[in-house]
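Structure first, commentary second.
Derivation of every value follows stated rules applied to the coordinates shown; laboratory data play no part. All values derive from a computational prediction rather than experimental measurement. Don't worry about glycine lacking a Cβ; one is built from the backbone with ideal geometry, like all the others, and counts go over all protein chains shown.
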Ligand code: CTP
Ligand code: MG
């Protein structure tokens, strides 16, 4: 980590950072604004402000918050940076504009930053400010793209898109924040765009794009993996695993007054499920690990017999200490009778979260002669991870011809799960059951 850059008082006075934090966090699904979601004892907004404080390259910090979020306002106001707070709007663009309205007239450089990129290293802020001080009018942090990216189109009447092109990967970059601008240029761009109607207005997904559309050159600086945008629960797990690497954590932070740092103690769980292969006289589709295996005779049972998904559910319930499959999908919930394994897994994950836990991972191994699984393992991991909103991995083995798994009469699935109590704002951390 490099030292804070030595800006003159004048340069500091003329530099501002706007942190947009007015989103609702729908995809994260915590039932609270995303910026208020806790990560290792600090909310995402506080982490974002910590990085800005360590970067030390702006004198004015403006935070744009959702309307009616007093707890978030309190946390913002309680931060050592003492940011100016404004209320955001319906879209990110509206929120950026609300922040721009609070700029001091002498502002020469403004950085627009997403609170959702809570662990952005201070170095990235510094690089953006340095580029602006060197004369750039717009500058954004970028990372090379690892996936091949395709362009798609959907013809009228078609459900699935088809590929219409493959841009050369070497020319593509993933874009992060903070995005830095010559402040008068960005203000002018926003004034001009304010009159745009949809779809032109909706097509603008970041501030750099606005500058590009007005013919301004946009420069780049290196982004950082830690600056990932926390959008889903998986991102939150990833961010948590990055915390020890976050330079912000090298400097001790004052804990919010009278809020003890929560101790995260993981809990493990186990689940086992056995299903017989249905009699040949009764043809049934084979569903296992959320996938259909058309070559194989299916498993018996009143549900789809997906032993892998069922074992995963039981492991989750066991880890959270909230009963088992019978407790949650028994006769008093007839809507789940015969439901697909993935539906049960999604509901099990929801119940575990409702009980105050987040899911670390679920691992399942099934033992059986059929179906042949290796070629579809990754597909299964993806389908089940999506259902649980957390990493699920499936492995398979045979039993060397022994027992019902060996003869092909049935399969067994063994699952383990790891969960941890999530401290909720205003509540004690997790509702951890005894035992
Ligand atoms: N944002 C904002 N005002 C909005 C919408 C978004 O200030 N009306 C901010 C968010 O707080 C976030 C950043 O823009 O810091 C990027 O948005 P996104 O990651 O989509 O966050 P949310 O809109 O909160 O999430 P979701 O789309 O899942 O609801
Ligand atoms: Mg959003």
Next item on the list: Subtracting the Cα-Cα distance from 0.36 nm times the residue separation, let me have the gained length for residue 148 to residue 27 in nm, one decimal.
Entry: 41.1 nm
Check: For residue 104 and residue 379, what is the calculated FRET efficiency with R₀ set at 60 Å and r taken between the beta-carbons, to the nearest 0.05?
Finding: 0.65
Item checked: 95, 241, 24, 281 arranged by Cβ crowding within 10 Å, fewest neighbours leading -> 281, 241, 24, 95
Next item on the list: With a point put 7 Å past each Cα toward its Cβ, work out how far residue 217 is from residue 205 in nm, to one decimal.
Entry: 2.6
Notebook entry, point to check: For residue 243 and residue 300, FRET efficiency with R0 = 56 Å and r from the beta-carbon atoms, rounded to 0.05?
Noted result: 0.75
Check: Using alpha carbon centroids, what distance separates the stretch 64-138 and the stretch 317-367, in Å?
Finding: 40
Checklist line | Full-stretch length increase - residue 292, residue 280 - with 0.36 nm per residue and alpha-carbon distance subtracted | finding: 2.5 nm
Note to self: Compute the helix-to-body angle for 183-193: its Cα long axis versus the longest principal axis of the chain, expressed 0 to 90° and rounded to tens.
What the structure shows: 60
Note to self: I want to verify a result. In a Gaussian network model of the chain, Cα cutoff 10 Å, which of these has the top mean-square fluctuation: 204, 394, 124?
What the structure shows: 204
Notebook entry, point to check: Peptides 212-225, 6-19, 306-319: what's the order by average Cβ count within 10 Å, highest mean first?
Noted result: 306-319, 6-19, 212-225
Item checked: Cα pair distances of the stretch 314-400 binned at 5 Å [whole percent] -> 3, 13, 22, 22, 18, 14, 6, 1, 0
Next item on the list: With a point put 7 Å past each Cα toward its Cβ, work out how far residue 162 is from residue 350 in nm, to one decimal.
Entry: 3.7
Check: Taking Cα atoms, how many degrees apart are the long axis of helix 307-320 and the longest axis of the chain, rounded to 10 and kept between 0 and 90?
Finding: 60
Check: Assuming R0 = 51 Å, what is the FRET efficiency of residue 365 and residue 6, from their Cβ-Cβ distance, to the nearest 0.05?
Finding: 0.35
Notebook entry, point to check: Just 278, 387, 161 to compare: in a GNM of the chain, with alpha carbon springs under 10 Å, which one fluctuates most?
Noted result: 161
Notebook entry, point to check: When the chain is modelled as a GNM with alpha-carbon springs shorter than 10 Å, which of 374, 239, 348 fluctuates the most?
Noted result: 374
Next item on the list: Grab the alpha carbons of the stretch 266-421, take their convex hull, and tell me the volume per residue in Å³.
Entry: 99
Notebook entry, point to check: Rounded to the nearest 500, what is the chain's calculated 222 nm mean residue ellipticity when only DSSP H runs of at least 4 contribute -39500 (n - 2.57) each, over all residues?
Noted result: -8500 deg cm²/dmol
Notebook entry, point to check: Expressed as a rounded percentage, what relative contact order does the stretch 266-421 have, with Cα pairs under 8 Å and six or more residues apart?
Noted result: 33
Next item on the list: Run through all the Cα pairs of the chain and give the fraction in each 20 Å bin from 0, expressed as whole percent.
Entry: 22, 45, 28, 5, 0
Next item on the list: Compute the relative contact order of the stretch 28-157 as a whole-number percentage, counting only Cα pairs closer than 8 Å that sit 6 or more residues apart in sequence.
Entry: 25
Notebook entry, point to check: Based on DSSP, what percent of beta bridges with both residues in the chain are antiparallel, to the nearest 5?
Noted result: 60
Notebook entry, point to check: Which whole-number percentage describes the relative contact order of the chain, with Cα contacts under 8 Å and a sequence gap of 6 or more?
Noted result: 13
Check: Where both partners of a DSSP beta bridge lie in the stretch 1-153, what percent of those bridges are antiparallel, to the nearest 5?
Finding: 10
Notebook entry, point to check: Counting other C-beta atoms within 10 Å, which of 397, 346 has the fewest, and how do the rest follow?
Noted result: 397, 346
Next item on the list: Please report, in whole Å, how far the alpha carbons of the stretch 68-222 spread along each principal axis, starting with the longest.
Entry: 52, 38, 31
Check: What ranking do 73, 158 get, fewest neighbouring Cβ atoms within 10 angstrom at the top?
Finding: 158, 73
Next item on the list: Take the alpha-carbon centre of the stretch 144-174, take the same for the stretch 2-41, and report the distance between them in whole Å.
Entry: 31
Check: residue 393 to residue 331: extension gain in nm, 0.36 nm per residue of separation minus the Cα-Cα distance?
Finding: 19.4 nm
